[in-house]
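Take a look at the structure set out below.
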Amino acid sequence: MIAAAVIPAAGSGVRCGSALPKQFVALDGKPVLVMSIAPFLAVREISIVIAAVPGDRRETAAAMLAAFFSPEERQRIVVIAGGPTRQESVRAGLSALPAETEVVLVHDAARPFVTPAIIERCLEGARQRGAAIAAVPVRDTLKMAGPDRDVQQTVDRAGLWQAQTPQAARTGLLRRAYDLADRDGFSGTDEASLLEHAGIPVAIVEGSELNFKITRPDDLVLASGLMREETIITIGHGFDAHRFTEGRPLILGGVTVPYRLGLAGHSDADVLTHAFIDALLGAMGQGDIGRHFPDTDGRYKNISSLELLRQVMRIAAKGRMSLINVDMTLICQQPKLASFMEPMRNSLAAACSVSRDAVNIKATTTEQMGFTGRGEGVAAHAVVLLRRPRGDDRKE
């Protein structure tokens, strides 16, 4: 079954009390919108994710998503301008769906803790019943209050459920519900209410208490605490050194530095990127660069080290590990590298699909001491921090 997701993210989020709309607020370094999109990309049936963002933030949102997702993932993300209401944003997302889409899921951008398991239950519910929503049973005693907030009645919570998202439906059914709402001037609070208005049954599938919506300032505090509770941080150190040789370009951090000498090596001998790779592999507990890309393998002859870095980042992604930051030091007497620091930073950040703020590069000399001081070669150190979810097999 071919499915798609629509993420309405055009709201201002004023109740959250942050300077930015809540969908762009970062939790432990990762924007809420990025966290909300990522689980959908992990579900095989979902061919495309459409993010409907404020029109004046469309380019900013696209750049943000490009920094956090791999090129393959970015091919499945489309950023469009949303409308002034959730209903209009979802309508815009429906208009952007590929013609072959059989099931569409709508998910709040401000629910960053949705899991692939919840998404798959919604998909299965829509497959079997036509439409389904994630929800959790109401646990607390409910009180009905009057205008003065005096308790008037205790509401029986038996059979009551708290609606969440995703909310999934066969595409034709959801379009029918939206068309009828347009004709009737009906405004619903979610897709289920529009489907109900159209007389279309909606099944309930199990959601999760963790799949809460960030609405008020306290929700941000809870979400930040949950991120810290559920995240394991690992550290890795990398070191590499290459000697100078004639007849090769000098490539550092994926940038060609004009100089009379290059570095000797089986690949392009990018010593900075090699140190970075070793640090990443160390943080993952995956050995070193020689184990993964041996110099006895002809496939890696003169290969760009940025391509090796991208391969290592794919290994990290498979292990649900993401880069928090990297700090690197180049040790080189000559040539002078100050003017090349920012291009290197940009190159490595792009290869890792992270913000450039996550990449720091320094350069120093050894005051003419040792092999680098004598101009015989270049060395590099790198230290990285990676994060991964605590309990990788968490289903809820």
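The values are calculated or read from the model by the stated rules, or taken from the named source; none is laboratory data. Just so you know, these numbers come straight off a predicted model, no measurement behind them. Don't worry about glycine lacking a Cβ; one is built from the backbone with ideal geometry, like all the others, and counts go over all protein chains shown.
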Return yes or no: is A145 at negative phi and out of contact with any Ser or Thr (no Cβ under 8 Å at 6 or more places or on another chain)? yes
Name the residues in the range 65-96 that are among the hydrophobic types (A, V, I, L, M, F, W, C) and either touching a residue at least 60 places away in the same chain (Cβ under 8 Å) or under 22 Å from A192 (Cβ atoms) (or both), would you? A66, A67, F68, F69, A81, V90, A92, L94, A96
Answer yes or no: is there a residue in the range 53-67 that is in a strand (DSSP E or B), surrounded by 23 or more Cβ atoms within 10 Å (Cβ to Cβ) and either within 12 Å of the chain's Cα centre (by Cα) or aliphatic (A, V, I, L, M) (or both). yes
Return the only residue of T256, T296 being assigned to a loop (DSSP other than H, G, I, E, B), out of contact with any Asp or Glu (no Cβ under 9 Å at 6 or more places or on another chain) and either of a type outside the set (G, A, S) or not assigned by TED's automatic domain parsing to the domain that holds I331 (or both). T296
All positions within the range 1-39 that are surrounded by fewer than 22 Cβ atoms within 10 Å (Cβ to Cβ), of a type in the set (K, R) and either modelled with pLDDT of 85 or more or over 17 Å from D357 (Cβ atoms) (or both): R15
Members of the range 138-182 that are basic (K, R) and either within 19 Å of V104 (Cα to Cα) or within 30 Å of the chain's Cα centre (by Cα) (or both): R170, R175, R176
Do we have R121 as over 25 Å from D182 (Cα atoms), charged (D, E, K, R) and in contact with a Phe, Trp or Tyr (Cβ under 8 Å, 6 or more places away or on another chain) here? no
Is the range 235-249 home to any residue that is in the same structural domain as C332 (by TED's automatic domain parsing), at positive phi and buried (at least 17 other Cβ atoms within 10 Å of the Cβ)? no
Out of A131, A169, A223, sole residue that is outside the structural domain of P21 (by TED's automatic domain parsing) and either surrounded by 19 or more Cβ atoms within 10 Å (Cβ to Cβ) or in contact with a Cys (Cβ under 7 Å, 6 or more places away or on another chain) (or both): A223
Selection status of L323, in the same structural domain as F239 (by TED's automatic domain parsing), assigned to a helix (DSSP H, G or I) and surrounded by 19 or more Cβ atoms within 10 Å (Cβ to Cβ): no
Of all residues in the range 358-377, how many are more than 30 Å from A317 (Cα to Cα), of a type outside the set (S, T, Y) and in contact (Cβ under 8 Å) with a residue 40 or more places away in the chain? 6
Counting just the residues of the range 329-357 that are within 29 Å of R388 (Cβ to Cβ), touching a strand residue (DSSP E or B) at 6+ places or on another chain (Cβ under 8 Å) and in contact (Cβ under 8 Å) with a residue 60 or more places away in the chain, which one comes out surrounded by the fewest Cβ atoms within 10 Å (Cβ to Cβ)? A349
Report yes if some residue within the range 262-278 is more than 17 Å from A351 (Cβ to Cβ), touching a residue at least 12 places away in the same chain (Cβ under 8 Å), part of a loop (DSSP other than H, G, I, E, B) and not aliphatic (A, V, I, L, M); otherwise report no. yes
Could you tell me which residue of the range 275-294 is nearest to K318 (Cα to Cα), considering only residues that are out of contact with any Leu (no Cβ under 8 Å at 6 or more places or on another chain) and crowded, with 20+ Cβ neighbours inside 10 Å? L281
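Conditions tested, residue by residue: (1) modelled with pLDDT under 90; (2) in contact with a helix residue (DSSP H, G or I) (Cβ under 9 Å, 6 or more places away or on another chain); (3) among the hydrophobic types (A, V, I, L, M, F, W, C).
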| residue | (1), (2), (3) |
| --- | --- |
| L41 | no, yes, yes |
| E45 | no, yes, no |
| V53 | no, yes, yes |
| M64 | yes, yes, yes |
| E72 | yes, yes, no |
| E88 | no, no, no |
When the range 187-196 is checked residue by residue, the ones that are touching a helix residue (DSSP H, G or I) at 6+ places or on another chain (Cβ under 6 Å) and either at positive phi or at pLDDT 95 or above (or both) are L194, L195
How about the range 349-396: which of its residues are assigned to a strand (DSSP E or B) and modelled with pLDDT under 90? R387, R388, P389
